[in-house]
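Reading through the structure tokens given below for one structure.
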Amino acid sequence: MAIIEASTLKSDLQGSCDVVVIGTGAGGGMMARELAEAGLDVVAIEMGANHRPKDFNQLEDEMFERLFQQRGAQATADLKIRIISGIGVGGSTVHNTNLCRRTPDALLKRWHKEHKVSGALPEDMKAAFEKTEAELNVQKMGPSEMNQGNALFKKGIEKLGYKGGFLSHNRRNCQRSGFCELGCAYDAKENSAKVLIPKALEFGARVYSGFRAEQILNENGAVTGVAGSIVDEETGKKRLSFKFTAKAVCLAASAVRSPALLQASKIKDQAGLTGQNFRCHPGVIAAGVFEDRVDGWRGIPQSYECTEFLDHNDDNKNIWMVPGFAHPIGTAAMAPGFGATHMAFMRKYRHMAAIIVMLDEEGSGTVRWKGKGRINIDHSLTDVDKKQLVMGLEGASKILLAAGAKEVVVPHFDPIIIGDEGQISKIAARGIPDYDLALTGVHPMGSLKMGDDPKSSVVACTGEHHSMKGLFVCDGSVFPTALGVPPQISIYSFSRHFAPNVVKFLKG
Ligand SMILES: Cc1cc2nc3c(=O)[nH]c(=O)nc-3n(C[C@H](O)[C@H](O)[C@H](O)COP(=O)(O)OP(=O)(O)OC[C@H]3O[C@@H](n4cnc5c(N)ncnc54)[C@H](O)[C@@H]3O)c2cc1C
Ligand code: SF4
């Protein structure tokens, strides 16, 4: 069966099934495939469109509008952090850069000790990680997969004796076009849209695009189904309505939209934690300007990592680094200053190699449903977080200078220009003042945290909501803390880990 697109429907839809999966990204795609393979009658609904490889035209202005929630403009209410996540079949796995990292062992152990997470120690999760990696063709990158930006990054890391290494990715027949964040026209990403949703369909799942869940229906403390709008896939405007009755619902609408949907449905948890504990790995960049052209948009964007400042056993090392490169519009949006300052920065575009300094944050935030489709996101960095970002920017500047950069630009509103190591102290002197440096979070997490104790968590370690029978959460919302590393493998694997509990709930 093919994906049923909203535009093909002429009247309201009512139906029934065993289980409705809301969202088709990392968590939802995995859950839909697992449950359909287990023989359940699955309906998977996705609010966005069903994009095909031919739709990914590599034009930033068009792709940002189509592939990202709020057309790429999603941000905290105070506009301090831009929060990027995906919309459409495959969710954020369609535009992500394919980096694959398991949940660090130290973190799984900490969750067990400090957050009462049971059944998810490294030995419990090993099989889920291995199966996920095999299914998505996760492979270690090597020297031939490195573009010039990554090669300079590696050179700087090695010169300084910092810790670093090649990353693993989920690609097959990658053409190294460098357009990963705009969707892959060559269909080389082994993601939810390409691998999991087609398998779910093969196993008999019904998958609907342009279906926006608006209410999780429930009676007497148990879910009874999902209702919502059938929308125009381009504009998001309501055309028709739908309702599916079901004994179970698996929520995978992302760490922003899953808690919002629970709030809209008036489903509360005992601890009052729904929407709290939101994390997103806020990141900043430092850009090195080199004598020779770097043309960093060419080739695989991120194949190497620096872990010198990341240690899950050390509270003073919360920074993960990878090369970062955006196409011209994305770069211009982050570039510092206005007028002549902005133009001077952009003129160096072809000679730049940037590093993303990503924070495993201590601070957290809140997601609140405000009605009529509006969602309020708050997030605050602590003083420790700000010091960590300073440390990361200093480290990134050192790497770029060691790699041969003529200068490093830290894109504050009034940019810091560093010509040699002696000037790196300018970064600490400036600090991280509000609204002075573009912060971006691309990893929403944590807003429906899991744990055994209903007094300190929303979801049990089986994935089931503590207070609502038959409601399972299987996306990035369930993590008790930030991960410090890219989350997709964790999300795919926890969803896989929870799936047998949904099967057991339904089949007994
Ligand atoms: C630019 C970028 C690059 C990234 N690169 C990497 C990377 O290299 N490696 C990595 O590990 N991670 C990366 N990520 C993050 C990763 O892709 C996400 O963390 C992951 O996909 C999140 O999975 P999820 O299931 O929680 O949500 P998503 O994958 O975002 O899926 C949620 C889905 O639910 C749908 N939805 C929401 N509300 C509703 C509703 N009411 N009704 C119906 N459907 C709804 C959404 O449209 C969406 O399709 C990146 C993210 C970005 C933005
Ligand atoms: S670099 Fe590879 S995965 Fe990325 S868009 Fe190009 S072909 Fe696709």
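Summary of values
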| read-out | value |
| --- | --- |
| Cβ-Cβ under 8 Å pairs, at least 6 apart or on other chains, region 7-32 side in contact (Cβ under 8 Å) with a residue 24 or more places away in the chain and surrounded by fewer than 24 Cβ atoms within 10 Å (Cβ to Cβ), far side basic (K, R) and assigned to a loop (DSSP other than H, G, I, E, B) | D18/K247 |
| Index of the failed condition, K140 passing every other in (1) among the charged types (D, E, K, R); (2) more than 13 Å from ligand 2 (Cβ to nearest atom); (3) touching a helix residue (DSSP H, G or I) at 6+ places or on another chain (Cβ under 9 Å); (4) under 30 Å from S397 (Cβ atoms) | (3) |
| Checking T224 against (1) within 27 Å of R102 (Cβ to Cβ); (2) assigned to a strand (DSSP E or B); (3) free of Cβ contacts under 8 Å to residues at least 24 places away in the same chain; (4) not aromatic (F, W, Y), the condition it does not meet | (1) |
| From the options E37, E60, residue that is within 16 Å of ligand 2 (Cβ to nearest atom) and either of a type outside the set (A, V, I, L, M) or in the same structural domain as I230 (by TED's automatic domain parsing) (or both) | E60 |
| Scope region 452-472; condition buried (at least 24 other Cβ atoms within 10 Å of the Cβ) and in contact with a helix residue (DSSP H, G or I) (Cβ under 6 Å, 6 or more places away or on another chain); matching residues | V459, G463, F472 |
| Candidate set from region 180-225 (those that are touching a helix residue (DSSP H, G or I) at 6+ places or on another chain (Cβ under 9 Å) and among the β-branched types (V, I, T)); member that is nearest to ligand 2 (Cβ to nearest atom) | V195 |
| Condition check for S85: at pLDDT 95 or above, on the phi < 0 side of the Ramachandran plot and within 10 Å of ligand 1 (Cβ to nearest atom) | yes |
| Counted residues, region 163-176 - those being more than 6 Å from ligand 2 (Cβ to nearest atom) and among the charged types (D, E, K, R) | 2 |
| Where R239 falls short, out of the listed (1) surrounded by 16 or more Cβ atoms within 10 Å (Cβ to Cβ); (2) within 14 Å of ligand 1 (Cβ to nearest atom); (3) assigned to a strand (DSSP E or B) | (2) |
| Leading residue by the ranking (farthest from M445 (Cα to Cα)) among those in region 344-392 that are in contact (Cβ under 8 Å) with a residue 12 or more places away in the chain and among the acidic types (D, E) | D385 |
| Check on K163, of a type outside the set (S, T, N, Q) and closer than 24 Å to D105 by Cα | yes |
| Only one of A185, A200, A193 that is surrounded by fewer than 18 Cβ atoms within 10 Å (Cβ to Cβ), not in a strand (DSSP E or B) and not assigned by TED's automatic domain parsing to the domain that holds W320 | A185 |
| Residue that is nearest to ligand 1 (Cβ to nearest atom) [pool: residues in region 7-39 that are within 15 Å of F244 (Cα to Cα) and of a type in the set (A, V, I, L, M)] | I22 |
| Selection status of P486, surrounded by fewer than 24 Cβ atoms within 10 Å (Cβ to Cβ), within 16 Å of ligand 2 (Cβ to nearest atom) and modelled with pLDDT of 95 or more | yes |
| Meets criteria (away from ligand 1 (no atom under 11 Å from the Cβ) and either in contact (Cβ under 8 Å) with a residue 12 or more places away in the chain or over 18 Å from the mean Cα position of the chain (by Cα) (or both)) for A77 | yes |
| Subset of region 175-187 (residues that are closer than 14 Å to N147 by Cβ, touching a Lys or Arg at 6+ places or on another chain (Cβ under 9 Å) and within 13 Å of ligand 1 (Cβ to nearest atom)) | C180 |
| Odd one out for E219, checked against (1) acidic (D, E); (2) in contact (Cβ under 8 Å) with a residue 60 or more places away in the chain; (3) over 26 Å from K131 (Cβ atoms) | (2) |
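One line per residue, one yes/no per condition, for (1) within 16 Å of ligand 2 (Cβ to nearest atom); (2) farther than 14 Å from I300 by Cα; (3) surrounded by 22 or more Cβ atoms within 10 Å (Cβ to Cβ):
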position: A77; (1), (2), (3): no, yes, no
position: H95; (1), (2), (3): yes, no, yes
position: D105; (1), (2), (3): no, yes, no
position: M125; (1), (2), (3): no, yes, no
position: E145; (1), (2), (3): yes, no, no
position: K155; (1), (2), (3): no, yes, no
position: G161; (1), (2), (3): no, yes, no
position: G178; (1), (2), (3): yes, no, no
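Matching residues to (1) out of contact with any Gly (no Cβ under 6 Å at 6 or more places or on another chain); (2) closer than 30 Å to I300 by Cβ; (3) not assigned by TED's automatic domain parsing to the domain that holds L400:
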position	(1), (2), (3)
F325	no, yes, no
P328	yes, yes, no
T331	yes, yes, no
F338	yes, no, no
M343	yes, yes, no
K348	yes, yes, no
I375	yes, no, no
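The values are calculated or read from the model by the stated rules, or taken from the named source; none is laboratory data. Worth saying up front: this structure is predicted, and the values here are computed from it rather than measured. Because the Cβ atoms are built from the backbone with ideal geometry, glycine has one as well, and the counts that use them run over all protein chains shown.
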